[in-house]
Amino acid sequence: MPRLNACLFLVLFFLPFVISDDSKCSSHKTYVTSFTEGKIDSLVYAEPDYKVVFALLQSGDLYRSEDGARTFSKVTGIPGTDELFKTPDPKKFYLLAEDGHIYVSTDTGKTFVLRDSTKLFSSPVVHPTNADWILAGSPPCLSSFFCQTTLYVSTDFAQSWKEVKKFVNEPWSWGDAGKYGIPAENVHLMYRESETATSYTYGQSRNLGQKIDYTIPNAIALLHSDMFFFVAQSVAEKLTLYSGPSNSSSLKPCLFPESLPQDRYSILDTSAGSTFINVEHGGSGDRAWGHTYVADSFANPSFHPFVKI
């Protein structure tokens, strides 16, 4: 978990757990919370003061604290919780139940209300700047390849849903929509052109999928990291990596300094303005070998001269 401006929540995945302060919270005391309801799978904190903290248990039960995780009470009226999602509005939360239904809260998680009872969803993605906008697949994806789900968008806090695209595979992303001059309606996705198509196309739409503005055929992977997008393409068993800043209308092939096979990409870090990538060039399993490359992608947003290190 990244460090916070307020006290850092240090989670020990056995009980009890410790709430500890960091260097910016030197006036706060460290204390131990006694929590015996079950093992905690994840903690979600409510900004801006982090006093409201949610504990999602491995059992699917959800607990809520209003005093910085000193005491918790169980959130009732909902089935087992799969995941809890914060929004840009600190009072609004989405909850994906284990049965696939989406619940919402407008009171910082004190109560949750079921929205559309006719649809089951998977992989909700909340808009980075608009709390009422959310992407989700329905029906839930049961396979990571040749997924049959349809991507939907809601712009009214999950009260109603509009189809974005059929035959979409996970993941889908808003990227940095609404920031850096990027249209709020910007959506990135991978989809098949028809039910019988055997490959996916990466698409970028600037109007919630009503028109696909830019595509890369034969896409096999999509990743949004910090301010960058990466798409891996496979043509005749040859891989090519495309990348570009999130405010770009297109992606460019990454150029590596050696003509070696590219079998696998691992994006190591993009947080400091440079992109570090590990490329496997051969072998498999424990015998796989490759190189790590770095590029100053902020300085060269349209061209990617990678240097081996």
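Here the dipole of segment 55-129 is about 200 debye; that uses its Cα centre as origin and unit charges on the Cβ of Lys and Arg (positive) and Asp and Glu (negative).
Ranking of Glu37, Glu280 by solvent-accessible surface, largest first: Glu37, Glu280 (1.4 Å probe, protein heavy atoms only, all chains present). In this label model, Asp116 and Ser234 are separated by 3.1 nm, measuring between points 7 Å along each Cα→Cβ vector. For segment 86-159, trypsin sites (Lys or Arg not before Pro) are listed when DSSP marks them as loop and at most 15 other Cβ atoms sit within 10 Å of their Cβ; the list is Lys91, Lys110. Simple rule: put +1 on each Lys or Arg Cβ and -1 on each Asp or Glu Cβ in segment 126-252, find the dipole, and look at Leu151, Gly209, Ala131; the Cα lying farthest toward the positive end is Gly209. For Val164, the residues whose amide H sits under 5 Å from its own are Leu151, Tyr152, Val153, ignoring neighbours fewer than 5 places away on the same chain, with H placed 1.01 Å from N. What do you get for trypsin sites (Lys or Arg not before Pro) in segment 126-224 restricted to DSSP loop and a cutoff of at most 14 other Cβ within 10 Å of the site's Cβ? Taking segment 126-224 and a limit of 14 other Cβ atoms within 10 Å, the loop trypsin sites (Lys or Arg not before Pro) found are Lys211.
Among the chymotrypsin sites (Phe, Trp or Tyr not before Pro) found in segment 168-252, those both in a DSSP coil and sparsely packed, with 12 or fewer other Cβ atoms within 10 Å of their Cβ, are Tyr180. Which of the three applies to segment 52-171, rounded, prolate or oblate, going by the alpha-carbon gyration tensor with a ≥ b ≥ c and a/c under 1.5 meaning rounded? Because a/c hits 1.5 or more and a/b exceeds b/c, segment 52-171 counts as prolate. Okay, which of segment 98-117 sit inside 17 Å, backbone N to the point 7 Å along the Cα-Cβ direction of Ser160? Correct set: 115-117.
Note on segment 36-186: with charges restricted to the Cβ of Lys and Arg (+1) and Asp and Glu (-1), its dipole about the Cα centre is near 100 debye.
The values are calculated or read from the model by the stated rules, or taken from the named source; none is laboratory data. Predicted model only: the values in this text are computed from it and were never measured. When we count neighbours, we look across all protein chains shown, and the Cβ atoms used for this are built from the backbone with ideal geometry, even at glycine. All accessible areas refer to the heavy atoms of the entire protein, side chains included, with ligands and DNA or RNA removed. Shrake-Rupley method; radii C 1.70, N 1.55, O 1.52, S 1.80 Å.
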